[in-house]
1. Any residue in the range A:224-233 that is buried (at least 23 other Cβ atoms within 10 Å of the Cβ) and under 20 Å from the mean Cα position of the chain (by Cα)?
2. Among what's in the range A:52-73 and is in contact with a Pro (Cβ under 9 Å, 6 or more places away or on another chain), outside any helix (DSSP H, G or I) and not polar (S, T, N, Q), pick the residue that is modelled with the lowest pLDDT.
3. Restrict the check to the range B:148-158 and report whether at least one residue is modelled with pLDDT under 85 and outside any loop (DSSP other than H, G, I, E, B).
4. Filter the range B:222-243 for residues that are touching a Pro at 6+ places or on another chain (Cβ under 8 Å) and either surrounded by fewer than 23 Cβ atoms within 10 Å (Cβ to Cβ) or more than 14 Å from B:L150 (Cβ to Cβ) (or both) and give the result.
5. Got a number for residues in the range A:73-87 being among the hydrophobic types (A, V, I, L, M, F, W, C), more than 9 Å from chain B (Cβ to nearest Cβ) and either in contact (Cβ under 8 Å) with a residue 24 or more places away in the chain or more than 17 Å from A:A195 (Cα to Cα) (or both)?
6. Can you find, within the range B:113-146, the residue that is farthest from the other protein chains (Cβ to nearest Cβ) among those that are not small (G, A, S) and not in a helix (DSSP H, G or I)?
7. Find the residue count for the range B:30-58, including only residues that are surrounded by 13 or more Cβ atoms within 10 Å (Cβ to Cβ), away from chain A (no Cβ under 14 Å) and part of a helix (DSSP H, G or I).
Amino acid sequence: MRSRFNSRGAGGHTLLLATCVGLLFPVVWAVLTSFKPATELYSTQPVPWPPSLANYQVALGRFPIGHLLLVTLLTSAGVTLGQLVIAVLAAYALVRFRFRFQPLILVLTTGALLIPAQALIVPQFLLTARLGWLNTYAGLIVPQLGGAALAVLLLRQHIHTLPHSLLGAAALDGAAPREVLGHVVLPLLRPAIGAVAILVFVNTWNEYLWPTLVAPQPQYGTIQTGLASLTNTEGSDPGPLLAAATLATLPFSPSTPSPRVGSPTPSCTPDGAETHLGHHARTSVPDHPGGTRGGGRRHPRPGPAARLWRHPGAR
Amino acid sequence: MRTPRTRHGRAWPYLTPVVVAFAVWIYGPLLATVALSVAQWDLTSGPPRFVGAANYRALLAQPEFLASLGRTLALVGCLLPVATVLPMSLAIALWKRPGRASTIYRAVLFLPVVLAPVATAVSWQFVLNPLQGVLDRVLALAGVAPVNWLGDPRTALPVIAAITAGKLIALNTLLYGAALSGIDPRVLAAARLDGASEWETTRHLVLSHLRRITVLLAGVCVVLGGQWAFTNVAVLTQGGPDGVTDNVYYRIYTYGFTFFDTGVASAAAVVLIAVLALPLGVQALTLRRRSAGDHIPRGWISRHRRATCSR
């Protein structure tokens, strides 16, 4: 799709370049400055040469940055894991089963996305305090599991795109729903789970509001709350502060190359992806005549029919 | 045909975690917020007392609250064009020239979505330092007097808006890009065959295709813009100077956690939700009416509409 007019091409490039500069200049500048020695912090020379790690040494010595990073890492990992478990189960159930409250649950999930977080902080904080979870990992992780709505919707979107004949084949081979989930759906869902996991991890790592309420002090908080409280105490000495800020964003350089991470399914919008496949196949999944909750014997795994389809390339 | 598989009970084990999570941490607190808004309780002296609409009356009688409400609406209003027109242009510019440069631009433009807002705010604070910050130094070269960007009541709010807009622009460019990749190239080829110019193609086919996602993203801006501004305000200005950067989100936080007035904080939260419900309701209605199909001009373009990915 090449533009026929070169002047338009130049205009586009100007816009893109200007936006990139405008959006990222402060961050890039801060990162570069963090490598400058203390005497040159405010110099207009862009790249420090030679680069100096003095700011980082001061920062690590003065603030419990390692501990803050560890807390943030564990919190993000915990929330990611919890939300994924919740979301995979819920998304599968929303696609696989047809039941009376399905539209209600969908509405509630979408609604959970729309409610502003600040509107709920008072009761959430009171409940967390009542449970004795202030300044604990439980208090940091568990309340943030309520944010699984986005993960549920994204995963549900992706499960919809799986061919239902495949799930039907698995059921034909006698798989119970949980086995279909474990043996057929989950392997196919891996890329989507990976994308959602990165999204949730990043969002939890960057989260400022909830950790500030639950664990505001540097000994218990995440790197974001620690950084925020540092801006108040270290305003006159920005070197270590910028070093801390750089460390707070450090984990994300590996996750940036793929811009489609975290975006909703690219081609059609969510409504478009609800193809006829979903409705026609869901009603045609037959029940295995042998029953699915047979006595003490473990149910047979999905047979050759389903296994043939399991290779993702066969989609 | 109803088979035993469609019995209601089968889904619930899978749904229990999400229902419990929502009930305990989202909808329970929602109801509690409404309940607390008609009560008075400062967390220490005894059980909450029912006071009816006293919190609301106190809230609406405060000029600072009304001013912060107005400022929140103004902030969201200013962010709306930035959140739709600019990302649309960027996404179209990227879409028209696929290649190495576009990939690099996309990766760069994606960064604000994943960068920590607190760290971004700290970087901005450093750059905007009135005494020695880089921006004022550069402006001084052009002969402009140094501006106290975050400390001057006239510039503080636009600066907060600009910092917030960064993440919004990045996210929306990504989403517009995703929507653009859904345009069927055959439709565009057909239009080109029929002799449409670049601009006509863009205007009639591309923009109308993007109408639905624009409405969606406007809703995203309304819902998320204020929340993202909260972080910047909390880190950089704390509502000042002279309360110019105060907004309802930050007010709820200060009512609840600086003054420990849970009743008033909850009342402010309810007001916020009510104020947000209006544009979101409008958006929901708009989206539902258009779900039958985007409006595309009749004539030679509608002939090819069937080839477009259906909404």
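The values are calculated or read from the model by the stated rules, or taken from the named source; none is laboratory data. Everything numeric here is computed off the predicted structure, so don't read it as measured data. Cβ sites come from the backbone with ideal geometry, for glycine too, and all protein chains shown count toward neighbours.
1. yes
2. Among those that are in contact with a Pro (Cβ under 9 Å, 6 or more places away or on another chain), outside any helix (DSSP H, G or I) and not polar (S, T, N, Q), it is A:F63.
3. Looking for residues that are modelled with pLDDT under 85 and outside any loop (DSSP other than H, G, I, E, B), one finds none in the range B:148-158, hence no.
4. Selection gives B:V222, B:V223, B:G226, B:Q227, B:W228, B:T231, B:P241, B:D242.
5. Matching residues across the range A:73-87 total 5.
6. So in the range B:113-146, the residues not small (G, A, S) come out as B:113-115, B:117-118, B:120, B:122, B:124-132, B:134-139, B:141, B:144, B:146.
From what's left, not in a helix (DSSP H, G or I): B:115, B:128-132, B:144, B:146.
Numbers: B:L115: 5, B:L128: 8, B:N129: 8, B:P130: 12, B:L131: 8, B:Q132: 4, B:V144: 15, B:P146: 13 Å.
It comes out as B:V144.
7. Number satisfying all stated conditions: 3.
Residue by residue, here is whether (1) basic (K, R); (2) under 23 Å from A:V185 (Cβ atoms); (3) surrounded by 23 or more Cβ atoms within 10 Å (Cβ to Cβ) holds:
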site	(1), (2), (3)
A:L73	no, no, no
A:G82	no, yes, no
A:V88	no, yes, yes
A:A93	no, yes, yes
A:L106	no, yes, no
